[in-house]
1. How would 119, 85 line up by accessible area, probe 1.4 Å, largest first?
2. At R0 = 22 Å, how high is the FRET efficiency between residue 148 and residue 98 if r is their beta carbon distance? Nearest 0.05 is fine.
3. State, to one decimal in nm², a quarter of the convex hull surface area for the C-alpha atoms of the range 52-142, i.e. the direction-averaged projected area.
4. Could you work out the relative contact order of the range 50-168? I mean the mean sequence separation of Cα pairs under 8 Å and 6+ apart, divided by the number of residues, in percent.
5. May I ask you to give the solvent-accessible area per residue for the range 70-128, in square angstrom, as obtained with a 1.4 angstrom probe?
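The values are calculated or read from the model by the stated rules, or taken from the named source; none is laboratory data. Remember, it's a predicted structure, so these values are computed and weren't measured experimentally. Glycine also receives a Cβ, built like all others from the backbone with ideal geometry; neighbour counts cover every protein chain displayed. The accessibility values were calculated without ligands, DNA or RNA, using every heavy atom of the protein model including side chains. Shrake-Rupley method; radii C 1.70, N 1.55, O 1.52, S 1.80 Å.
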Amino acid sequence: MRRRQPLTPTPTQAPTPAPSRETERWSSAPDPLLALALDDLAFYEQVRDSARRWYRLSELGALTTSSCTVVAAGLGAPAWLTALIAGGALFFTGFRQVFGHGPRYVLAAQSREGLRRAINRYQLLPDSARDEEARQTLLAAVENVGAEELRQWSDQRQRATSGGSSPS
């Protein structure tokens, strides 16, 4: 295993850390800004899809266990079975409240859609028209989507900790 040498800056130069794998992915692309935006888009798609799957699973689990509890009690099932099913319903209710995949799904979908539209506008420009102004517009969109997503997530967390709506 090779040891990393510490950075030794010259007196006039601050140390520069080695680029991360994430940075290397888009920094060496022909259009680094577009590659960065596409990386962010892929991230939001992955988060959206994962949150959607967990949301559906938790909702289906809560619905199934809640309705089975009523059916088991109505059919005169043993108390331990009814209690076990009711415990499952409580679990899914708590799971939904703690992880809040529904709001996370909506938030990631909004972020992805805003970024997708900005990328589409940029890609529709001919290469010759992708000047500094077009790049600044795309960069602003990437930064705005990230900042807005973080702000909304933070607001949801604060409401959840203060007894408001569910977290994400």
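1. Numbers: 119 5, 85 40 Å².
These residues rank, largest area first, as 85, 119.
2. Details: r = 24 Å, r/R0 = 1.10.
That gives a FRET efficiency of 0.35.
3. Values: hull surface 29.9 nm².
For the range 52-142, averaging the hull's shadow over all directions gives 7.5 nm².
4. Working: 93 pairs, mean separation 34.0, N = 119.
Relative contact order for the range 50-168 comes out at 29 percent.
5. 62
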